[in-house]
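Here's the structure we're looking at; comments come further down.
Since every read-out is calculated from the coordinates, none of them should be taken as a lab result. Just so you know, these numbers come straight off a predicted model, no measurement behind them. Reconstructed Cβ throughout: ideal geometry from the backbone, glycine too, with neighbour counts over all protein chains shown.
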Amino acid sequence: MTSITFDTHKFVRKLQEAGFNEKQAEGLTEAMRAAIDDSELATRRDLREFELRLDPRFEAIKGDMSLLKWMMGALIAIAVANFSKQFF
């Protein structure tokens, strides 16, 4: 999966503007960066890549299902013909 990045310098500045001292702001920023790096979040790009990998598999299944429909139709037609043969 791709990593999510953020501007740590801007984050530290915003924390300092909110009243954190430099050491607190840097500590919190480092903790936030570590938490994001350790997380396994899926991004839109990850989901799109997954979808693109699945599409060919579904196309193969669609082809198989189409063949099965024809085969089932032929079997039903044969069964109906055999059944009707008994009465005529």
Size of charge dipole - segment 5-88 - debye, nearest 20, with Cβ of Lys, Arg +1 and Asp, Glu -1, no other charges
580
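Using the 10 angstrom Cβ neighbour count as an exposure proxy, how do Asp38, Asp64 rank, fewest first?
Details: Asp38 7, Asp64 10.
Least to most surrounded, the residues fall as Asp38, Asp64.
Once fully extended, how much extra length lies between Lys10 and Ala81, figured as 0.36 nm per residue of separation less the alpha-carbon to alpha-carbon distance?
Fully extending the segment from Lys10 to Ala81 adds 17.7 nm.
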Only Lys, Arg, Asp and Glu count, each charged at its Cβ (+1, +1, -1, -1), so figure out the dipole size of segment 1-41 about its Cα centre, rounded to 20 debye.
200
Between Leu28 and Glu59, what is 0.36 nm times their sequence separation minus the Cα-Cα distance? Round to one decimal in nm.
6.3 nm
Under the Karplus curve 6.51 cos²θ - 1.76 cosθ + 1.60, θ = phi - 60°, whole-Hz ³J(HN,Hα) for segment 20-35, x wherever Gly or Pro sits:
6, 7, 4, 5, 5, 4, 5, x, 5, 5, 5, 5, 5, 4, 5, 5
Sequence gap at least 6, Cα distance under 8 Å: using those rules, report the relative contact order of the chain to the nearest whole percent.
30
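Fewest Cβ neighbours within 10 Å first, please rank Phe20, Phe58 accordingly. Before the final figure, lay out each step's value.
Working: Phe20 16, Phe58 10.
Ascending Cβ contact count within 10 Å gives the list Phe58, Phe20.
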